[in-house]
Amino acid sequence: MNPINISADEKVLNDVLIQQMTQAMLELEKILKDDKQRGTSWSAIPPKSNNRYIKVATLKRVLRLKLGHHVMLKSEIKHDCEHRVVIQATLSHRHLGFLSSGLAERWKNPKSSNIQSARAVECCQTAAWGRCIKSLLAFGDDISTADETINYNESDNNNSDIEEEIN
């Protein structure tokens, strides 16, 4: 949207969107400060730390509550092979167009005990959604969400054998 050619209607829609996004950010901050929401809406990672990560389900719920059905979250598989998947999520406003995007990648290993590898496509889509929403709301000090970090196991994510096979 070129600021020089913006219509009065577009300006009003943009101002309303900014207010809704601000309300969403405030709601997310309130949730993160509420210790009773631990495990439901956010997780501490590592578990006993003060590092609080908002869950993607919470991001989606607050987004829908505050912005309604004027925004659409769309997923697109950018790459999918035997070893890995890459998914891009895009948020658009019905009238204003593109708002934000998020990209995620997961290595696949259906025999893994790590859910991120065993259910790579689903986890990748969830991560892309979370990154996309956090990008729009400029929420938090990082892009990672609880869903991405909660079950991370360094040894289970060693993909050197897969990388050698791909190359």
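Table: residues versus (1) surrounded by fewer than 17 Cβ atoms within 10 Å (Cβ to Cβ); (2) hydrophobic (A, V, I, L, M, F, W, C); (3) touching a strand residue (DSSP E or B) at 6+ places or on another chain (Cβ under 9 Å); (4) within 25 Å of Val121 (Cβ to Cβ).
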site: Ser7; (1), (2), (3), (4): yes, no, no, no
site: Glu10; (1), (2), (3), (4): yes, no, no, no
site: Gln19; (1), (2), (3), (4): yes, no, no, no
site: Ala24; (1), (2), (3), (4): no, yes, no, no
site: Lys30; (1), (2), (3), (4): yes, no, no, no
site: Lys66; (1), (2), (3), (4): no, no, no, no
site: Glu76; (1), (2), (3), (4): yes, no, yes, yes
site: Asp80; (1), (2), (3), (4): yes, no, yes, yes
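It is to be established whether one or more residues within segment 49-64 are in contact (Cβ under 8 Å) with a residue 60 or more places away in the chain and among the charged types (D, E, K, R).
Yes, that holds for at least one residue.
Only residues in segment 116-135 that are under 16 Å from Thr90 (Cα atoms) count as the first member; pair them with residues that are part of a helix (DSSP H, G or I) and among the small types (Gly, Ala, Ser), Cβ under 8 angstrom, at least 6 apart or cross-chain, and list the lot.
Listed by first residue and then by second, the contacts come to nothing, as the list is empty.
How about segment 88-104: which of its residues are at pLDDT 95 or above, over 11 Å from the mean Cα position of the chain (by Cα) and farther than 18 Å from Val62 by Cα?
Within segment 88-104, just Phe98 meets the criteria.
Please go through segment 118-158 and pick out each residue that is at pLDDT 90 or above, in a helix (DSSP H, G or I) and over 22 Å from Arg52 (Cα atoms).
Answer for segment 118-158, where residues must be at pLDDT 90 or above, in a helix (DSSP H, G or I) and over 22 Å from Arg52 (Cα atoms): Ala118, Ala120, Val121, Glu122.
If I filter segment 70-82 down to residues being within 17 Å of Ser100 (Cβ to Cβ) and either more than 15 Å from the chain's Cα centre (by Cα) or not acidic (Asp, Glu) (or both), which single residue comes out as modelled with the lowest pLDDT?
Looking only at segment 70-82, we keep the residues that are within 17 Å of Ser100 (Cβ to Cβ), and these are 70-76, 78.
Narrowing further to those that are either more than 15 Å from the chain's Cα centre (by Cα) or not acidic (Asp, Glu) (or both): 70-75, 78.
Numbers: His70: 91, Val71: 95, Met72: 96, Leu73: 96, Lys74: 97, Ser75: 97, Lys78: 98.
Top of the filtered list is His70.
The values are calculated or read from the model by the stated rules, or taken from the named source; none is laboratory data. This structure is a prediction, so every number in the text was calculated from the model and none was measured. Cβ: placed from backbone, ideal geometry, glycine included. Neighbour counts: every protein chain shown.
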